[in-house]
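Engineer: Next up is a structure, given as structure tokens.
The values are calculated or read from the model by the stated rules, or taken from the named source; none is laboratory data. All figures in this text were calculated on a predicted structure; none of them were measured in a lab. With ideal geometry, Cβ positions are generated from the backbone for all residues, glycine too; neighbour counts draw on all protein chains shown.
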Amino acid sequence: MARSLPLLDAAQRRAFDSPPAFTLAQRQLFFSLPEWAEPLLRAMSAAHMRGGFLLQLGYFKASGRFFAVERFTAADRAYVQQPYRLGPMDWSGYDNKASFRHRPVLLHHFGVAPFEQVQPGVLRQVTHFARQQMNPVAVFRTAADYLRSHRWEVPTYATLAGLVTDAFRAVEQQLTTQLASLLTPELRQQLDALFTTAEEAPAHSHRPYRLTTLKRSLELMRPAAIRANIQDYIVLHALFTHVHPVVQALELSEELVRYYARYVERAQVFQVQQQADKKYLMVLCFVVYQFYQLGDLLTETLLQAVQTHRNAAQRETQERVYRQQQDTAGQLRQVLDGVVGHGEALTQVEAVAFSFARTNAEKVAALLAWLQTPDVAAFAQLRQTAQQLRKGGGGSPTGPYYQVVEERSRALQRRLGDILRLVAYEGRPDSPLAQALTQYRNRAGNPGSQPPATFLKAAERAALHEADSAVSLYKALLAGHVADHLKAGKLNLVHSLSYRPFDTYLLDAATWAAQREELLFQTNLLELREPGPFLDALQAKLATAFARTFERLNAGTNPAVRQRADGRPRFLTPARPADEDAPPPRPLFPGPGVISLHEVLHTVNAQCRFTDCLEHWNPRHRPPRPADRVFFAGVMAYGCNLGLTRMAHATKHVAQSTLENTVNWYFSLDNLRRANDAVIALTGKLPVSRLFQRAPGQTHTSSDGQKYHVAVDSIHATYSYKYFGQNKGLVSYGFLDDRHRLFYSTTFTSSDREAPYMVDGLLHNDVVESTIHSTDTHGFTEVNFAVTYLIQVAFAPRIQSFQDQQLYAFAGMDVPDLAAYALRLGKPLDRGLIEAQWETILRLIVSLKQKHVTASTVLKRLNSYSQHHPLYLALRELGRAVRTEFLLRYMDDQDLRKRIDDQLDKLESTHQFARAVFYGQNGQFRYAGKEEQQLADACKRLVQNVIVCWNCLYLNQQLFQAPPVERQALADAIARMSPVSWQHINLQGEFDFSDEALTDALRFDLGALLTVEWEVPEG
């Protein structure tokens, strides 16, 4: 094995060990001399020593690092010679030995610890990182950031890479040694069996390895797919019970388990077998991770099947009620007429019974005679008619709903029966539903004649009593309550990625208690250390907003306010005035379809090397890297929705096997996000991109969802009649900044709310740092207001009918009279509730900022608890204060409303752009799996960002080539347009109708073909 892992390629290593590239303004800043350095510089007699000292000081001030003398740039050398009058000099005199003498001086005065002094502590921390995440490149970058944040010297690439290598070797050696002592012969035999086939014969396409079959999670809703997943879950559960204690003893992090598990998913079985003793560690991680994933998949199956079942039952109930209203009108009239007639007859009978003129014998005779009349016989027959009406729902406030649920129960049981029986959902011990579910599992799915029903509603119990098949109805109702409790957080799946109890997603409580101050420092949250000052500042800010807004309303100095008839204010947002003096727009891009998409990808890649971000899944053993054209083909296959097979067939010089292998090993969500980051970082460096910002000094971002049809059966797509009619679809949720950079996106089902995903984009990108973020109403919740405020991002949504929102104030605040404007004030905010949950709030925010968990995962679980979780209540209370302060500013500032509208309009304009890029397969997703859906979405975003970047490069070049006197006019024209333009890009390739293209065309001899006979003549 090489001395160190190949963490960076040659170009990246040179960049890491080279000084930063400065602009003129940056040189003036970093090469300025501090007061303490002036006497040191005067004491140096040799010009080359003074020059070398100035360069090292400037480089260290900018990067916290020292660089080899031969890396000093000529431009920087020339710059320091002029202001410090060094004159001509021989730079060769400033060698590494001289540089080494300046190093301790600079370290001392800048307060940075030398690396050799902190190396043991760095090794311990890097070893900790290595145990947390098994991607060495990520550990290398994290280690460099960790050194800078602690004001410790960052060494050369070779030194730091050697340290990371030593850490990984130590971790793997430790894990291998521990595992060897923990693996029993029985468990080793079980794991070895995964490398065999079911028939103990050589594997082939129709006889796969057992390990291969466990990779096949079918993310579909078909009963056959669910049964296959159930069978895999049974196998994995049996393995998990033996494997889980070993994994716990090894103290493997979730990221490490995920890394090895995903490696096994991607690799061929023989590649895993070649890993010697490490193969057992890999398979252990695979079993655990796949068991978690499959449990989540079955849970999603349950939730979606129950919702589909309910929707279908409600539709059928409405249809039956309508038909019954038509079909049973005559029967209902017959029953009513019979009741009325029978009532009249009873009146006559009553008159006979109470008559003093008749004897008892005469009364009995009269009664018997009446009972034998045809009217009584007809009335007796009405009983059957009334029972039919009642059974059909005529006598029930819910109609025939439970009857329909009962009838459709068998179809639901075919999907969910085994899930309820096998997946161990857990709740509170005193929960009636948890007890009923335990009994259901213990009885192998047979509820028995007297199943526990205390968890059912009164109407459900009544329907159960009257049902023809009580067992069928009970199972359907049980599945519905399990789904509701899972959504509400009252039931959890302990061994899960998405359905665990909420507290398990946060940083460990012991870690938080021991490292609280350090974690707050790392996440730049020290100002939140105590709730008192933070809430005092928020309360003062809220009071100021109340005072200013209503002062202007009362004085009539808010020009964008009109009074409605009911007294409520109407807030106007005027359109941006047209610039009448502006010249007519002129075309700034080439003609339609002139530039091929391949050329665009190649040009942008030459400037920022985004393909270098697509790293092999196993960076420790890198095979020969594919050519850039293979990566371009993969990006276009997913990003333009063409598919790998179609792309390979339509592409020269890229074999299908090469394309599929490249996508398998190099295309991951993390890699594609880094590739997108590389492109948008280049766009942000271009001066022309600043022309599109409406408020310099701020970074205004926005997010919104775009609906897409899903053309295949997928559990990750749901029905939405409004958007998809009778079909299913998903949402691509994208983020855009004010420079038109699409910096984040994800996908989820169309039934999910957008709000929990909003914080993801703000925290899970490394380029765009939002200062203000806008969404439409779908992205707004009070919890989002609280979380964004705590991560120091101003949340500014466009809320529909915002003046109808309730306003809030802290107790004791001086609040103006809102009744005059028909605005509502809620009850006083409970500051004590926020303070009581402050430590948990900080744990949550630190967990999010450290990317310990995604915001969508934790906020969906938190929101599901609703009114019952104290953290939710505290965040809601804090969010109400932040929302009120924003609404008051939103009412008062029409420019703020206009900026929000403009930013959201920018984002909505990209939807058509996305449709144009994602043109293949009629713009419909044809991937059932969540990962492939997100890969396609990330590649689509990459293609869009590359086109925007190319456009900015093109516009910047036009500015550069324009005469100086014309540049301002050209810059003004560019500022009025958008770089989101694609008409000049040929997205769909071109057809070659030249004669040369027909040189190798097949030729047919029609005369000869017409004489072909295939029947054998007789005789």
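Engineer: Give me a count of the residues in the stretch 760-777 that are more than 22 Å from Q693 (Cα to Cα) and either among the β-branched types (V, I, T) or without any contact (Cβ under 8 Å) to a residue 40 or more places away in the chain (or both).
Structural biologist: Matching residues across the stretch 760-777 total 1.
Engineer: When you scan the stretch 85-129, how many residues do you find that are over 30 Å from T165 (Cβ atoms) and touching a Gly at 6+ places or on another chain (Cβ under 8 Å)?
Structural biologist: 5
Engineer: Taking only the stretch 815-836 into account, find how many residues are of a type in the set (D, E, K, R) and assigned to a loop (DSSP other than H, G, I, E, B).
Structural biologist: The qualifying residues number 4.
Engineer: Another question, if that's okay. Of all residues in the stretch 226-253, which are free of Cβ contacts under 8 Å to residues at least 60 places away in the same chain and in contact with a Leu (Cβ under 7 Å, 6 or more places away or on another chain)?
Structural biologist: Residues satisfying the conditions are A228, V235, L236, H242, V243, V247.
Engineer: Now, a different point. Find the residue count for the stretch 532-552, including only residues that are closer than 10 Å to A881 by Cα and modelled with pLDDT under 95.
Structural biologist: 0
Engineer: Then there's this: Being closer than 28 Å to R915 by Cβ, crowded, with 17+ Cβ neighbours inside 10 Å and not hydroxyl-bearing (S, T, Y): is that true of A975 here?
Structural biologist: Here the answer is no, as A975 does not meet what is asked.
Engineer: Enumerate the helices (runs of 4 or more DSSP H) found wholly within the stretch 170-264, keeping only those where 3 or more residues are crowded, with 19+ Cβ neighbours inside 10 Å. Show your work before the answer.
Structural biologist: Details: elements: 185-193, 210-213, 223-250.
The qualifying helices (runs of 4 or more DSSP H) are 223-250.
Engineer: When you scan the stretch 682-702, do you find a residue that is assigned to a strand (DSSP E or B) and either of a type outside the set (V, I, T) or surrounded by fewer than 18 Cβ atoms within 10 Å (Cβ to Cβ) (or both), even just one? Steps first, answer last, please.
Structural biologist: Step one: filter the stretch 682-702 for residues assigned to a strand (DSSP E or B), giving 700-702.
Filter again for either of a type outside the set (V, I, T) or surrounded by fewer than 18 Cβ atoms within 10 Å (Cβ to Cβ) (or both), leaving 700, 702.
Taking every residue of the stretch 682-702 in turn, at least one turns out to be assigned to a strand (DSSP E or B) and either of a type outside the set (V, I, T) or surrounded by fewer than 18 Cβ atoms within 10 Å (Cβ to Cβ) (or both).
Engineer: Out of (1) at pLDDT below 90; (2) under 25 Å from C613 (Cβ atoms), the odd one out for F993 is which?
Structural biologist: Tallying (1) at pLDDT below 90; (2) under 25 Å from C613 (Cβ atoms), F993 fails exactly one: (2).
Engineer: Looking only at the stretch 962-970, decide whether some residue is in a helix (DSSP H, G or I), within 30 Å of the chain's Cα centre (by Cα), closer than 24 Å to K685 by Cβ and in the same structural domain as L642 (by TED's automatic domain parsing). Break it down into steps so the answer makes sense when it comes.
Structural biologist: Residues of the stretch 962-970 in a helix (DSSP H, G or I): 964-970.
With the extra rule that they be within 30 Å of the chain's Cα centre (by Cα), the set shrinks to none.
For the stretch 962-970, residues in a helix (DSSP H, G or I), within 30 Å of the chain's Cα centre (by Cα), closer than 24 Å to K685 by Cβ and in the same structural domain as L642 (by TED's automatic domain parsing): absent.
Engineer: May I ask you to list pairs of residues, at least six apart or on different chains, whose Cβ atoms are under 9 Å apart, with the first in the stretch 300-316 being at positive phi and the second being part of a helix (DSSP H, G or I)?
Structural biologist: Hits for this filter: zero, empty list.
Engineer: Further, regarding this structure: Just checking, does the stretch 520-532 include any residue being in a loop (DSSP other than H, G, I, E, B), in contact with a Leu (Cβ under 7 Å, 6 or more places away or on another chain) and of a type in the set (D, E, K, R)?
Structural biologist: Yes, because at least one residue in the stretch 520-532 is in a loop (DSSP other than H, G, I, E, B), in contact with a Leu (Cβ under 7 Å, 6 or more places away or on another chain) and of a type in the set (D, E, K, R).
Engineer: Could you tell me whether any residue of the stretch 828-840 is closer than 30 Å to D566 by Cα and over 18 Å from the mean Cα position of the chain (by Cα)?
Structural biologist: Looking for residues that are closer than 30 Å to D566 by Cα and over 18 Å from the mean Cα position of the chain (by Cα), one finds at least one in the stretch 828-840, hence yes.
Engineer: Within the stretch 617-630, is even one residue exposed (fewer than 14 other Cβ atoms within 10 Å of the Cβ) and in a helix (DSSP H, G or I)?
Structural biologist: No, that holds for no residue.
Engineer: Does L497 satisfy the condition of being within 28 Å of the chain's Cα centre (by Cα), more than 30 Å from H150 (Cα to Cα), in the same structural domain as G448 (by TED's automatic domain parsing) and part of a loop (DSSP other than H, G, I, E, B)?
Structural biologist: When the stated conditions are applied, L497 passes them.
Engineer: Determine which single condition L762 fails, assuming it passes every other condition in (1) under 18 Å from L848 (Cβ atoms); (2) of a type in the set (A, V, I, L, M, F, W, C); (3) in a loop (DSSP other than H, G, I, E, B).
Structural biologist: Going through (1) under 18 Å from L848 (Cβ atoms); (2) of a type in the set (A, V, I, L, M, F, W, C); (3) in a loop (DSSP other than H, G, I, E, B) one by one, L762 breaks only (3).
Engineer: Answer yes or no: is there a residue in the stretch 676-698 that is within 24 Å of the chain's Cα centre (by Cα), within 22 Å of G920 (Cβ to Cβ) and in contact (Cβ under 8 Å) with a residue 40 or more places away in the chain.
Structural biologist: Yes, the stretch 676-698 has at least one match.
Engineer: Looking only at the stretch 602-633, filter to residues that are among the aliphatic types (A, V, I, L, M) and closer than 19 Å to L669 by Cα; which one of those is farthest from the chain's Cα centre (by Cα)?
Structural biologist: Top of the filtered list is V630.
Engineer: Can I ask one more? Keeping to the stretch 114-151, report how many residues are surrounded by fewer than 16 Cβ atoms within 10 Å (Cβ to Cβ) and not in a helix (DSSP H, G or I).
Structural biologist: Final tally of qualifying residues: 2.
Engineer: On to the next question. How many residues, within the stretch 396-442, are at pLDDT 90 or above and either part of a helix (DSSP H, G or I) or over 37 Å from the mean Cα position of the chain (by Cα) (or both)?
Structural biologist: Here the count works out to 32.
Engineer: Can you go through Q903, Q867, Q803 and tell me which one is at pLDDT below 90, over 25 Å from Y505 (Cβ atoms) and in a helix (DSSP H, G or I)?
Structural biologist: Details: Q903 fails: at pLDDT below 90; Q867 fails: over 25 Å from Y505 (Cβ atoms).
Checking each option against the conditions leaves just Q803.
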